[in-house]
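Take a look at the structure set out below.
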Amino acid sequence: MAKRPQENILKNIETLDEIAEPLLRWFHSEKRALPWREEPTPYRVWVSEIMLQQTRVEAVKPYFERFVAALPDVRALARADENTLMKLWEGLGYYSRARHLQSAARLICSDHGGEIPAHFDGLLALPGIGRYTAGAVASIAFGERRPAVDGNVLRVIMRLLACPADILKESTKRAVEEALIARLPEDAGNFNQALMELGALICLPRGAAHCPSCPLERLCLAKEANLQAELPQKTPPKRRRTEKLTIFLLAKNDKIALEKRPAQGLLAGLWGFPAMEGHLKKKEAEEALQAIGLIPAKLHALPAAQHIFSHITWQMVGWRVELAEPLSKGGTSVPTSAPASSESTTPNAQPKRLLLQEAASPYDIQKKTPPLLWATAREIADTYSVPAAYRSYFPYIRSSVELP
């Protein structure tokens, strides 16, 4: 059974012998105008491919143009400070991509004299670059004859060959790579882009293929057998788990508290609004804040919101809290009040804890208030990267906004 995907592909492999010419002809006449195609330098191709991982082309375009304008080459990327890098990436998601991008840039500067490796194996050795990205950059930017097999390409090939192999299995991906590498034309970069483009524009997922517009329609075995809606096959995703959170906009002197998330885990190293487990009612929220040394003067309920990650759904309620305690002289943290009691005034109440990442440890209520960074609305907009997960609460960071 382990070899079945490759056997299915090899069974109809001769179909792939005929696709290059009609595919390239279609691509040259129908390809989209994309900013990274206008000037396909190795750096621009690399940045675009990292951004395009798990992200739609239309969403990437403005981010790409802003990113390369601010960081136009490998050395600029390697030198960028963390706040600048994260702010440029803000809202694009999967933030580890940005960190891997910078780690690779620093390695390129230290080990390759600032020149991006021109071959597949050298690219594959860099942080954040897998086989698909290495193949794409090597072929598009350097003309190396290497396949670039992403989800779009897998869908096209599985339908062309009427192959029921699970496309999430590594063995299937490698079998497709092997099938394509022997059939790559001299213009491998455009061939790879053409397959990606066909999957993005014509051979759409969930059975929505525009077969009459496809340059490979006459060769497609799925079309012949009316299997477009059934292919490709892939393992069903795991059900997302749900986390209930209470988001706090802690306000003092026209500033809002931010707290940096840990270096590992969900939204690692980014700034977020302090949050606690569960959906806290007003009295619970007051007591939970007092337990860590924050004294609320006024609480205003904010609308409920939801954010969906790949494996978690955050279901949030929010409070804007005007604090009674003054800022410290440096303006960087809120001092504790008198030592807080560990006992809640609510019978049988469970201690609450700040939860800014999965499986966070509770703050010790006998210690000082957790460190908070205080920023104006303008600083949050211009300097600090606060992910889209908190976006529903952005309108309420300004004191002038009418609260619900």
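The values are calculated or read from the model by the stated rules, or taken from the named source; none is laboratory data. As the structure is a computational prediction, the values presented were derived from the model and not from experiment. All Cβ positions, glycine included, derive from the backbone under ideal geometry; neighbour counts span all protein chains shown. Quick note on the areas: whole protein, heavy atoms, side chains included, nothing else; ligands and nucleic acids left out. Shrake-Rupley method; radii C 1.70, N 1.55, O 1.52, S 1.80 Å.
Here the contact order of segment 13-225, divided by its residue count and restricted to Cα pairs under 8 Å and six or more residues apart, works out to 23 percent. Using a cut-off of under 14 Å, list every residue of segment 92-107 whose amide N is near the label point 7 Å from the Cα of Q53 along the Cα-to-beta-carbon line. Under cut-off, by backbone N: 93-105.
If R0 is 56 Å, the Cβ-Cβ spacing of K281 and A182 corresponds to a FRET efficiency of close to 0.30. You can think of it this way: the chain between I295 and S96 has 68.1 nm of extra reach, that is 0.36 nm per residue less the Cα-Cα gap. Fully extending the segment from E170 to K61 would add 36.3 nm, taking 0.36 nm per residue of separation and subtracting the current Cα-Cα distance.
Each Lys or Arg adds one and each Asp or Glu takes one away; over the other residues whose Cβ falls under 15 Å from the Cβ of E38, this sums to +3. At an R0 of 45 angstrom, the distance between the Cβ atoms of R75 and E224 translates into a FRET efficiency of 0.30.
Gain on full extension, evaluated as 0.36 nm per residue between L124 and D382 minus their Cα-Cα distance, stands at 89.4 nm. Relative contact order of segment 68-181: 16 percent, from C-alpha pairs under 8 Å at least 6 residues apart in sequence. Apolar share of the accessible surface for segment 175-299: 49 percent from carbon plus sulfur atoms, 1.4 Å probe.
Once all protein chains are placed together, K31 keeps about 90 Å² accessible to a 1.4 angstrom probe.
Taking label positions 7 Å along the Cα-Cβ direction at both A33 and N83, the computed distance is 3.8 nm, reported to one decimal. With 20 Å as the limit on Cα-Cα distance, the pairs of K61/K87; K255/K281; K244/K298; K31/K61 that go past it are K255/K281; K244/K298. Once the Cβ-Cβ distance of I312 and E14 is raised to the sixth power relative to R0 = 45 Å, the FRET efficiency obtained is 0.50.
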